[in-house]
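To start, the structure itself, in structure tokens.
Throughout, read-outs are computed from the coordinates displayed, never taken from laboratory work. Note that the structure is a prediction, hence the values are computed from the model and not measured. Don't worry about glycine lacking a Cβ; one is built from the backbone with ideal geometry, like all the others, and counts go over all protein chains shown.
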Amino acid sequence: MLNNLYHFKKELNEQGIFFCFSGPLSQDLLVEIGGTLKHKMKLEEASSSTILKLFSMFVEQAQNIIHYSAEKHQPSREQSEESELLSLSSGIIVVGYESEHYYVLCGNMVNNEIVDKLREKLILLQNMSKEELKRYYKEQRRQGKDGNSRGAGLGFIELARKAVKPIEFDFQNINENSSFFTLKTEI
């Protein structure tokens, strides 16, 4: 690995990737990374609206990893009762710039039992116009909380509304229980 790290960094640069994190994510880490990304983009003189959109997309995708990743790191049994409530979800999140657009790319393990429903929802969003996405968002807000979601299920809709191109996604089957879910949005 020592000999390959430079080549890995070089490949990231060639792909336009200026931020990459792989591992366990927490809300605290999300806040710190978000601040760093905002600062970097200000240094690059990105517009305030672009910074806000990128930050929003980064947070939404990172929170999807935190809340829904099937790969969890649980506290050890020896830790205190307070720690039992804590667990960390793992995934990967990447931010880059290509073809005159910033992008956020994330990935995490998901249970195969949700893949079809998730794919169906994302295909629906991919095929909607901006006006249809706006109406759909309002309709979903009125309906309230989605049974499988921690919120009203609005996160993917928000990502699709803010993206300059339809969201991209992929599911790579890993085994009979799990798939690796990847999602990309461009600003």
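Quick notes
- Between Lys130 and Asn112, the contour length at 0.36 nm per residue exceeds the Cα-Cα span by 3.5 nm.
- Measuring nothing but how far apart in sequence close Cα pairs (under 8 Å, 6+ apart) lie, relative to its length, region 5-186 scores a relative contact order of 22 percent.
- Calculated [222 nm] ellipticity per residue, helices only, for the chain: -14000 deg cm²/dmol; basis is -39500 (n - 2.57) per DSSP H run with n ≥ 4, divided by all residues, nearest 500.
- Residue with peak Gaussian network fluctuation, the chain [Cα springs, cutoff 10 Å], from Tyr102, Tyr68, Tyr136: Tyr136
- For Ile174, residues with placed amide H under 5 Å, excluding near neighbours: Ser179, Phe180
- Under a Gaussian network description of the chain, with springs only between Cα atoms under 10 Å, the residue in Glu60, Glu168, Glu176 that fluctuates furthest is Glu176.
- Positive-pole candidate from Gly35, Gly23, Phe180, dipole of region 5-186, charges at beta carbon: Gly35
- Choice from Lys165, Lys117, Lys53 with maximal GNM fluctuation in the chain (Cα, 10 Å cutoff): Lys117
- Mean projection area, nm², convex hull over Cα of the chain: 13.4
- Long pairs among Lys42/Lys184; Lys72/Lys184; Lys72/Lys162, criterion Cα-Cα beyond 24 Å: Lys72/Lys162
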